[in-house]
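This report refers to the structure that appears directly beneath it.
The values are calculated or read from the model by the stated rules, or taken from the named source; none is laboratory data. What you see is a predicted model; the values in this text were computed from it and never measured. Neighbour counts run over all protein chains shown; Cβ positions are idealised from the backbone, glycine included. All accessible areas refer to the heavy atoms of the entire protein, side chains included, with ligands and DNA or RNA removed. Shrake-Rupley method; radii C 1.70, N 1.55, O 1.52, S 1.80 Å.
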Amino acid sequence: MPFKIEIHTHPERIEVTYYGKVTEEELRLAIKEFMDKKGGSEYLLVLTDCLGITTSPSVLDVYERINMYEKLGIDTETKEAILIPSDQIVVENVKFYETACLNRGYNVRIFENRQEAIDWLKQFG
């Protein structure tokens with residue numbers, strides 16, 4: 001699978017790393033695994049690393065991912081920092097995701113630097 005999900009500390013967060021070609025089905029699997037790892041915990045900080053993505057899902061697939069958040073009851077208090085690659089198509093899809101999330105009340109921000117993303121999350125931890 002082109003993703004891995006880990007729990008980290010300082011700040012306490014779930015880190016999702018995508019790499020290679022990511023399909024709609026793999027996005028759904030990643031969300032399911034995220035919810036399984038999250039369990040009943042109050043993890044509200046997420047670092048999503050998209051630096052290794054070579055082909056991203058379509059804008060429609062990205063939009064459907066946000067709909068899944070609402071259906072699964074992912075809290076809008078969740079903060080997500082996203083690391084973006086230099087691939088322009090991936091960047092455009094991630095920017096669309098950021099805007100769509102913000103429009104739904106989720107606090108999402110894009111970063112090019114890992115430490116800046118972690119520092120941003122720390123302010124909520």
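What to note about this one:
- Search result, residues across region 29-73 that are in a loop (DSSP other than H, G, I, E, B) and of a type outside the set (D, E): G39, G40, S41, Y43, L44, S56, P57, S58, G73
- Listed by first and then second residue, the pairs linking a residue in region 50-66 that is free of Cβ contacts under 8 Å to residues at least 40 places away in the same chain to a residue that is in a helix (DSSP H, G or I) and open to solvent by 30 Å² or more (accessible area, probe 1.4 Å), with Cβ atoms under 7 Å apart and 6 or more places separating them unless they lie on different chains, are S56/I89; P57/E24; V59/F96; D61/E24; V62/F96.
- Residue match in region 2-18 (condition: buried (at least 17 other Cβ atoms within 10 Å of the Cβ), of a type in the set (A, V, I, L, M) and at pLDDT below 90): no
- Selection status of L83, in contact with an Asp or Glu (Cβ under 6 Å, 6 or more places away or on another chain) and closer than 16 Å to P2 by Cβ: yes
- Qualifying residue in region 109-124 (condition: open to solvent by 20 Å² or more (accessible area, probe 1.4 Å), over 13 Å from the mean Cα position of the chain (by Cα) and within 20 Å of E24 (Cα to Cα)): no
- Within region 32-60, considering residues that are of a type in the set (D, E) and modelled with pLDDT of 85 or more, the one farthest from Y106 (Cα to Cα): E33
- Within region 70-95, being crowded, with 17+ Cβ neighbours inside 10 Å and either under 13 Å from I31 (Cβ atoms) or among the aromatic types (F, W, Y) (or both) holds for I74, T78, E80.
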